[in-house]
């Protein structure tokens, strides 16, 4: 696991290395908001859940306030925590959501999710892109590392010597035949064309990411990572979904 930090364009309410919740030894409530499920667990200070993550279906199409309510209900029986980290499926800056393409409601644009959760749950909150957060739980902290996530859509994160770099929304760039990475590699496309053809698309996407970043190591996560059947190069690893929550502890390590 990395002990990496989160740059100011991805964090929420606390400045780097300071402020409430940044104390060593603090427990983190890690929340992973996905296009199909919301998962949450309280993490040890160094990472790792105290218990099996709680889980509920994501109310896609609901306004942000309804999802905040869903999260509050989900975490109410969990153990005490000192701070909150949220992985969100879209672009986030300073805790404010800029895009939420897979949640189906216009109310997410410019919604202060960090502020809403801090007000509701009473703890300092950091919100970052969900792929960025999963990578924080997976990377080793050496060289240029990249994560891609294969789930409802296609997510990416980049890290240099263990530090999270500014988020790039590669998912919405054109990939093939006029369609975006999200459209060609998301779960809806996989179901439509089958795992074999979808896997060939993933191979092409990985080749693109290699040319784009010249990564030293690539980590592949998300619910559909387990469906890949082609042989991976030694510099590519499949990582567990649990890293999507576990990265929440590392989001507070500057």
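Taken together, the values in this text are just the output of simple stated rules run on the coordinates, not laboratory data. Treat the numbers as computed from the prediction; the structure is a model and nothing was measured. When we count neighbours, we look across all protein chains shown, and the Cβ atoms used for this are built from the backbone with ideal geometry, even at glycine.
With a simple spin-label model that places each label point 7 Å from the Cα along the Cα-to-Cβ direction, the separation between residue 66 and residue 78 comes to 2.2 nm.
Figure the gain on full extension for residue 119 and residue 207 (residue separation times 0.36 nm, minus the Cα-Cα span) and round it to one decimal in nm.
Once the chain is fully extended between residue 119 and residue 207, it gains 27.4 nm.
Each residue in 133, 209, 146 was given a count of other beta-carbon atoms within 10 angstrom of its own, and listing them fewest first yields 209, 146, 133.
Inter-part distance, the stretch 35-80 to the stretch 188-252, computed on C-alpha centroids, equals 24 Å. Of the residues 79, 240, 49, which exhibits the maximal mean-square fluctuation in a Gaussian network model of the chain defined by a 10 Å Cα contact cut-off? Looking only at 79, 240, 49, the biggest GNM fluctuation is shown by 79.
If both residues of a DSSP beta bridge must be in the chain, then about 60% of such bridges are antiparallel.
The long axis of helix 195-213 is offset from the longest Cα principal axis of the chain by roughly 70 degrees.
Computed across the stretch 28-130, the Kirkwood radius stands at 13.4 Å (inverse of mean 1/r, all Cα pairs). Note on the chain: GNM, Cα springs under 10 Å; of 112, 130, 69, the largest mean-square fluctuation is that of 69.
Computed extension length for residue 195-residue 161: 8.8 nm, one decimal, from 0.36 nm per residue of separation with the Cα-Cα distance subtracted. Relative to the longest principal axis of the Cα atoms of the chain, the long axis of helix 64-75 makes an angle of roughly 70 degrees. Build a GNM of the chain with springs between Cα atoms under 10 Å apart, and of 57, 183, 242 the one that fluctuates most is 57. Here the label points at residue 232 and residue 174, each 7 Å from Cα along the C-beta direction, are separated by 3.1 nm in the simple model. Label separation (residue 51 vs residue 188): 3.7 nm, computed from points 7 Å beyond Cα along the C-beta direction.
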